[in-house]
Amino acid sequence: MVRGSKKPRFGILDVIVLAAAIAAVAYVTYRVDSVLVYTWDWSAIPGYLFRYDEDLGHWVPNLLIKGLITTIRISIWALIVASIMGTILGVMRTSQRLLPRLIGWAYVEFIRNIPPVPFLFLFYFFISSQIIPLLNIGSALDQASPATLGVVEFLFGPANLIENFLSGLISLSMMSAAYIAEIVRAGILAVPKGQYEAGSSIGLSKLAIMRYIVLPQAIQRVVPPIAGQFITLIKDSSLVALISIQELSFLAMEIAISEQRFFEVWLFTGLMYFTICYACALAFGRLEKRMGRHLR
Amino acid sequence: AQSVIEDIQARGKLVVGLSTFVPWAMRDKKGDLIGFEVDVARQLAEDMGVDVEFVPTAFDGIIPALLAKKFDVIITGMVQKPQRNLTVNFSHPYAYLTVGMAANKALAEKDGLETMEDWNSSDVTLTIKRGTAPGETAARLFPKAKVRQFDDDAQALQDVLNGNAHAFLTSEPKPAYYVIDNPDVLYHPFGVGPFDPSASAFAVRKGDPDALNFFNNWIQYRNLDGWLKSAHAKWFQNRDWKDQVE
Amino acid sequence: MTDHGQENAQRFADAGRPAIIRIEAVNKWFDDFHVLKDIDLTVGAGEKVVVCGPSGSGKSTLIRCINRLESHEQGLIEVDGIELTDDNKRISEIRSEVGMVFQQFNLFPHLTVLENCTLGPIRARGLSKTDARALAMEFLEKVRIPEQADKYPSQLSGGQQQRVAIARSLCMRPKIMLFDEPTSALDPEMINEVLDVMTELAESGMTMLCVTHEMGFARRVADTMVFMDHGEIVEMASPETFFSTPKSDRCKDFLEKILHH
Amino acid sequence: MTDHGQENAQRFADAGRPAIIRIEAVNKWFDDFHVLKDIDLTVGAGEKVVVCGPSGSGKSTLIRCINRLESHEQGLIEVDGIELTDDNKRISEIRSEVGMVFQQFNLFPHLTVLENCTLGPIRARGLSKTDARALAMEFLEKVRIPEQADKYPSQLSGGQQQRVAIARSLCMRPKIMLFDEPTSALDPEMINEVLDVMTELAESGMTMLCVTHEMGFARRVADTMVFMDHGEIVEMASPETFFSTPKSDRCKDFLEKILHH
Amino acid sequence: MSDSATNSGHPGPGATAPPTTKPAQLWWKSTWFDIVQFVALGGLLVWLTGRGMAAMDYRWQWYRLPRAFYRVIDGELIWGPLIDGLLVTLEIAAWGMVLTLVIGLVTAVLRLSDSIAGRILAKVYLETIRNTPLLVQVSIFYFVLQPILGINNPLWTGILCLAFFEGSFASEIIRAGINSVSRGQWEASATVGLNRLQAYRYVVLPQAVPLMLPPLTGILVNLIKHSAILSFVAVFELTTEARNLIADTFLSFEVWFVVGGMYLVMTISLSSLVALLERRIRARG
Ligand SMILES: Nc1ncnc2c1ncn2[C@@H]1O[C@H](COP(=O)(O)OP(=O)(O)OP(=O)(O)O)[C@@H](O)[C@H]1O
Ligand SMILES: Nc1ncnc2c1ncn2[C@@H]1O[C@H](COP(=O)(O)OP(=O)(O)OP(=O)(O)O)[C@@H](O)[C@H]1O
Ligand SMILES: [Mg+2]
Ligand SMILES: [Mg+2]
């Protein structure tokens, strides 16, 4: 009767749910054969994962894997940058002073309320196209040794698109940071006031309280929502195709168009996303358990 | 201001923006870019004595990138239209398109669509790829019909195959190929067409007459010596390239 | 209320102790709510003061002002000769002189018992890890739970947690200990183990200011009882006088309520 | 533990009261943790039973089993002749016979005091609004806070909240009242006002089963004291015997700890 | 709230007005100075963006835009594509929210139930939706499920798909809201004789809903933002219209900025509306 007081058991609801699920699946399978005008052909997909390069004499990754690597690369970078930005913004939003709170608030509201495409355009074409050329990355890379170039390409992708990569990375991070800031803020606010007081009563400075007491506890609380945010980030990274970055969904689209195998490519790409996102969710779940061992 | 032609030469590299559009530009099995446009750009670069770099970009991002000087030129089967020409400059045409139509047999029969007049009805749904010439064709020939725009032909085709829409319009020779591929479902309605010849051209930024002059003359030059024609034929007259892709 | 000021000074001269906390005419407001009204209180080194009074009377606020978890708006608070102002440096000086134990323990749940005790000494006092550990173990023994050093707070009973909190404060080697209802969140069987530790601490000569309703403890340990109501110190006396002949009606009332059951 | 069963029946035959709660050989586990071990307890109509024991000994679990907030896995519990099983209909019958007051009050914060009291009668009993109001006002007067009827729980003191909780239970006109440490979340000055209400209720002849550590109250009110430890009933006796000559060491220990301060 | 007991009828000798001796605030610590700094910072950003626009030497053609909103032909007002699209987007948001809430509630209740099959079904649904891109879901809904289920309407397919997507997030919010009502409230409901449904209706939801409102607003905002993805399957919402317009005119920047602004107005007015609603609900409790 009381929620959560009982172990799961098999009841009438199960029968209804199961029956509904089975009926739905049966109906869909029946209709797939009779309605959908489409001949499935999955044969081309494996070749786009890896192919045998006759010149080099070994297997090399093809478009889908390359795209996947780009997606993972930009997602990881963006998560790192977004976490740092988000933490700073989140701390700002809990500040005693008005100015940091105002800045944090304005940032979060702006990002959360504007659709990604206009934001990306605004940022890429007007802001980063002013700032990034100042860094002179292009000419620096022209003079770089092959070894340096290799490292840079491993970290940031093809040298000719590095400015795009950085812009895409920053815009993705900026978008994610707004959400992470909210998560961090909630995490910080969830740490009871008594913890701050206990910290200051043993003589710790404000910074030390943040560093040794509040953030460690806040982080534990924010791991699950951050995991969700990371997954969203991976999925939303497809946006950067607009600025010429060859990530997974863009290349999948190109293959789908070239091959005229629309569903197979998309379903398979969906599966690839699912795999990395779900793996990510599981990994974060582990992390959460490990960190939560000692907290009630 | 300095012309982009000088930039290209100083850099030793021609940067071309394009988006995938069969058979203009697409990926082969190795993941490399192939297609009519790719040949054109390669030849253009060769004639200029520079390397070529392709930057595949989603169609929505391609014009802003050109305007923001991320590319030197867009070569992607872009059709000249007056409204577009107000924003960018177009070169002389280097290829011509005609629009064909493939329709869903069962749906057309059910709704009794026979003549051109029948098709011009608000009950009819047509599909096209966004930003391509068939849009105009549909609006001119069938002003009453509903038009759905997709990001790609494959989607537009599937919508018709699924029976969601009556017919789709795209540049020849694809409609013909699709009918051959799906003989039970698709057919060419009322045996007319192809319609509406239109022209594809390079797109460049405004305010650069030197570039425009150079590209115009290159196109004319390669037109007169027949290179453009044979390159076009290679990709549009037959589907020998198919096994490079599938 | 300057009566108390005099009474205070009097009492104080008698005992011949040097003052370690001086509170003079302190007023404090929460927005428009006048929470401390003209408080005068002097505590001598080694003196044990027990503060009691109804809920909301300002007891917690008073002792939180003493280590500046709250700031007062009028009057003077001096701890060990240092006046409490907005000056940050002084605050941290004060904080290292004054230990505080809270009703809700406020242990750091992500740190072990030992880490709870060494965090302050290492980060605020700059002790080496080894020294801090030795210090912590000393005080954990004093509160009789050295064997729990490597557990996390959530693995301890309430009484044990509160004893850790006391040890954690002691590790900062404070001259004064403040207690804010240290036993009121405890299960009844655990109250005594904490009171015992506090009694020992009192016997060792530590200056203590303690908000509690444990009147048995107060009788045993207090040098001075303070009764607060509505933000004022209504009565201040030795335990004997306080319990046998309370002067004000408010105090009588309160004692009746609290001692009856 | 069937000694207690006999002892129980004995005590009970003496008093000549009909049994209203029968608990026989009840066992309960939380996963692998054996929380109630062979519990036997019979409560007569109008009897007052006070249960005490260390934290975690299973006191709450026992009384929560009686109105089936928890279900037992072995043995028999019968309330007013109805056996507690999984049958939902019976559970709601039981629930309307048995009122319960919690340590944390558990008032509905979004409803006024009056609405708190009338929700059950209206929705579960099907009373009209007017009747439910009249009923609620009657019991609010009994717990001496009729003037607070239109306030929200957050506007009341702890003692007042707990009295509302008692009134809310009484509005269901239960035959039996269960109390789970009703005063342990209260400020000390408020404990008595709640205990007074409970004493009155006891005097009115209500059957009561009360977990509490307020030994003064127990002495005054209880017919029977029950001491639990580690999921067992270790001792069961009249208050006189219980406080003067506890039999088991565990019970002695416990009483010492709890009565000392 | 708490001053009823403490503040009344007991002025005490020291109960004067708050002290006048409070030190005056330093000007660089005052609220208005923070606001000035904030405005200055905002101005700097706008200026930077403006400079970026100028540096591109792009010829802005804003004057071509009004036609996208309305035209007057023979004295008759005809709404342009952006207005049409806006209306469709609002329609999607309205229906989408209703469906999202229904799906979210059902999923949340299934996950909180004792039923094994219910929990598993809910879990599978959540994981699938959350770990795949919306784009993939939209294509599958449109090209695979639509013909199978026989929904002959892209708009409704789109709404359904969005609702399933956002519903997965809504369900977590609803679940968290319900879970945040303490267990004691359920138990108290049971002891005053309410059954499970009544406990939900009279005790739990009235407390949970105010908690859920702010995050649910986020969902609605996302619903509006994500509806843009339906342009992929030719639903005539705002983004589709915008993209078609751009494909015809190549006025990318002008159109995107205006459309971005339109979304911003929609989402912000929505958030403010819900904030207002929330305040009213809070005021009652
Ligand atoms: N931060 C604050 N803001 C506003 N009012 C406060 C604040 N802290 C405390 N108060 C109010 O000040 C009054 C005194 O609070 P204080 O905690 O000092 O009382 P107390 O005597 O310790 O009571 P208790 O025995 O309940 O702990 C109370 O009425 C309380 O509501
Ligand atoms: N839902 C539950 N799941 C698992 N273990 C539980 C649950 N509820 C209680 N327990 C455990 O059962 C034991 C008895 O709990 P119970 O609440 O009955 O003790 P108690 O005598 O009421 O203690 P207290 O005086 O602290 O209220 C405790 O060890 C507790 O940890
Ligand atoms: Mg207090
Ligand atoms: Mg209990």
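Bear in mind these aren't lab numbers, they're just calculated from the coordinates by the rules spelled out. What you are looking at is a predicted structure, and each value in this text was computed from that prediction instead of being measured. Don't worry about glycine lacking a Cβ; one is built from the backbone with ideal geometry, like all the others, and counts go over all protein chains shown.
Farthest towards the positive end of the charge dipole of the protein assembly as shown, among the residues D:S248, B:V185, A:L49, is the Cα of B:V185, using unit charges on the Cβ of Lys, Arg, Asp and Glu. The separation of the stretch A:241-290 from the stretch E:226-262, counted between C-alpha centres, amounts to 25 Å.
For the stretch A:118-133, 3J(HN,Hα) computed residue by residue from phi via the Karplus equation (6.51, -1.76, 1.60; θ = phi - 60°) reads x, 4, 4, 4, 4, 6, 5, 7, 10, 9, 6, 6, 8, 7, 5, x Hz, glycine and proline entered as x. Scanning chain E for DSSP H helices at least 18 Å long along the axis (C-alpha atoms) with a Kyte-Doolittle mean no lower than 0.5 picks out E:31-55, E:81-112, E:116-130, E:154-180, E:205-226, E:252-284.
Think of each Lys and Arg Cβ as +1 and each Asp and Glu Cβ as -1; about the Cα centre, that makes the dipole of chain E roughly 760 debye. Extension gain, D:E78 to D:E147: 0.36 nm times the residue separation minus the Cα-Cα distance gives 21.0 nm.
For chain D, modelled as a GNM whose springs connect Cα atoms under 10 angstrom apart, the maximal fluctuation among D:D32, D:D223, D:D249 occurs at D:D32. For D:I82, the distances from its label point to the matching points in the remaining copies are 6.6 nm, ordered from shortest, with each point set 7 Å beyond Cα toward Cβ.
The mean number of Cβ atoms from other chains found within 10 Å of a Cβ in peptide A:241-251 is 5, as a whole number. Amide H to amide H, with H built 1.01 Å from N, E:Q61 comes under 5 Å of no residue 5 or more places away or on another chain. Remark on D:M100: its backbone amide H falls under 5 Å from those of D:L178, a criterion applied only to residues 5 or more positions apart or on other chains, H modelled at 1.01 Å from N. Rounded to the nearest 20, the size of the Cβ-charge dipole of chain C about its Cα centre is 740 debye, with Lys and Arg at +1 and Asp and Glu at -1. Relative to the longest principal axis of the Cα atoms of chain D, helix D:129-142 runs at roughly 60 degrees. Ignoring lysines fewer than eight residues from B:K206 along the same chain, the ones with Cα atoms less than 23 angstrom from its Cα are B:K13, B:K69, B:K70, B:K81.
Ignoring lysines fewer than eight residues from D:K247 along the same chain, the ones with Cα atoms less than 19 angstrom from its Cα are D:K257. Inter-copy label distances at D:W29, using a point 7 Å along Cα-to-Cβ, come to 6.4 nm with the shortest given first. Please give the helix D:158-170 orientation as an angle from the longest Cα principal axis of chain D, in degrees from 0 to 90, rounded to the nearest 10. Approximately 90 degrees, to the nearest ten. Mind checking which of D:M190, D:M236, D:M228 has the largest fluctuation in a GNM of chain D, springs on alpha carbons under 10 Å? In the Gaussian network model the winner is D:M190. Listed by chain and number, the lysines whose alpha-carbon sits under 20 Å from that of A:K206, ignoring those within fewer than 8 places in the same chain, are A:K193, C:K89, E:K29.
Of all the options A:I127, A:I72, A:I183, the one that moves most in a Gaussian network model of chain A with Cα springs shorter than 10 angstrom is A:I127. Full extension of the chain between E:D74 and E:V98 yields a length gain of 4.6 nm, computed as 0.36 nm times the residue separation minus the alpha carbon distance. A simple spin-label model places pseudo-atoms 7 Å from Cα toward Cβ; at D:D86 and A:V25 they are separated by 2.6 nm. Peptide B:155-165 shows a mean partner chain C-beta count of 6 within 10 Å per residue C-beta. Its Cα centre serving as origin, the stretch B:169-246 has a Cβ charge dipole (Lys and Arg +1, Asp and Glu -1) of approximately 240 debye.
Hydrophobic, long helices, defined as DSSP H runs whose alpha-carbon span along the helix axis is 20 Å or greater and whose mean Kyte-Doolittle value is at least -1.0, occur in chain B at B:209-224.
Take every Cα pair under 8 Å whose residues are at least 6 apart in sequence, average their separation, divide by the length of the stretch A:60-295, and the relative contact order is 31 percent. Toward the positive end of the charge dipole of the stretch A:60-295, with +1 on the Cβ of Lys and Arg and -1 on the Cβ of Asp and Glu, the farthest Cα among A:S171, A:N113, A:I74 is that of A:N113.
Phi-derived couplings, Karplus 6.51 cos²θ - 1.76 cosθ + 1.60 at θ = phi - 60°, listed residue by residue for the stretch E:143-151: 8, 9, 6, 4, x, 5, 7, x, 7 Hz, with x used for Gly and Pro.
In chain E, helical runs assigned H by DSSP with n ≥ 4 each contribute -39500 (n - 2.57); averaged across all residues and rounded to the nearest 500, the mean residue ellipticity at 222 nm is -22500 deg cm²/dmol. Counts of other chain beta carbons within 10 angstrom of each beta carbon in peptide A:118-131 average 6. The spacing between the stretch B:83-122 and the stretch D:147-183, judged by their C-alpha centroids, is 77 Å.
Put +1 on the Cβ of every Lys and Arg and -1 on every Asp and Glu Cβ in the stretch A:60-295; which of A:L141, A:I84, A:L267 then has its Cα farthest towards the positive end of the dipole? The listed residue farthest towards the positive side: A:I84. With helices as the sole contributors, chain B gives -11000 deg cm²/dmol at 222 nm; each DSSP H run of n ≥ 4 counts as -39500 (n - 2.57), and the sum is divided by every residue. For a modelled paramagnetic label at A:L287, 7 Å from Cα along Cα-to-Cβ, the residues of the stretch A:159-201 in reach, with backbone nitrogen under 20 Å, are A:169-170, A:172-191. The C-alpha atoms of chain A occupy a region whose extents along the principal axes are 71, 71, 37 Å, arranged from largest to smallest.
Summary of the geometry: the stretch D:216-246 and the stretch E:166-225, compared by the centres of their Cα atoms, lie 43 Å apart.
Using R0 = 35 Å, the C-beta based FRET efficiency linking B:Y221 and A:D142 works out to 0.60.
Answer rounded, prolate or oblate for chain E, using the Cα gyration tensor with square roots of eigenvalues a ≥ b ≥ c: rounded when a/c is under 1.5, else prolate when a/b is larger than b/c, else oblate. It is oblate, given that a/c is not under 1.5 and a/b is not larger than b/c. Amide H to amide H distances under 5 Å link D:I20 with D:V43, D:G44, D:A45, where only residues 5 or more positions off or on other chains count and H is placed in the peptide plane.
Which shape class, rounded, prolate or oblate, goes with the stretch D:10-83 when its Cα gyration tensor gives a ≥ b ≥ c as root eigenvalues, a/c under 1.5 marks rounded, and past that a/b bigger than b/c marks prolate? Since a/c reaches 1.5 and a/b is larger than b/c, the shape of the stretch D:10-83 is classed as prolate. Taking every DSSP helix (H) stretch of at least 4 residues in chain C, weighting each as -39,500 (n - 2.57) and dividing the sum by the residue count yields a mean residue ellipticity at 222 nm of -13000 deg cm²/dmol.
For C:R173, the point set 7 Å out from Cα toward Cβ sits 7.2 nm from its twins in the other copies, listed from shortest up. Principal-axis analysis of the Cα atoms of chain D puts helix D:2-15 at an angle of about 60° to the longest axis.
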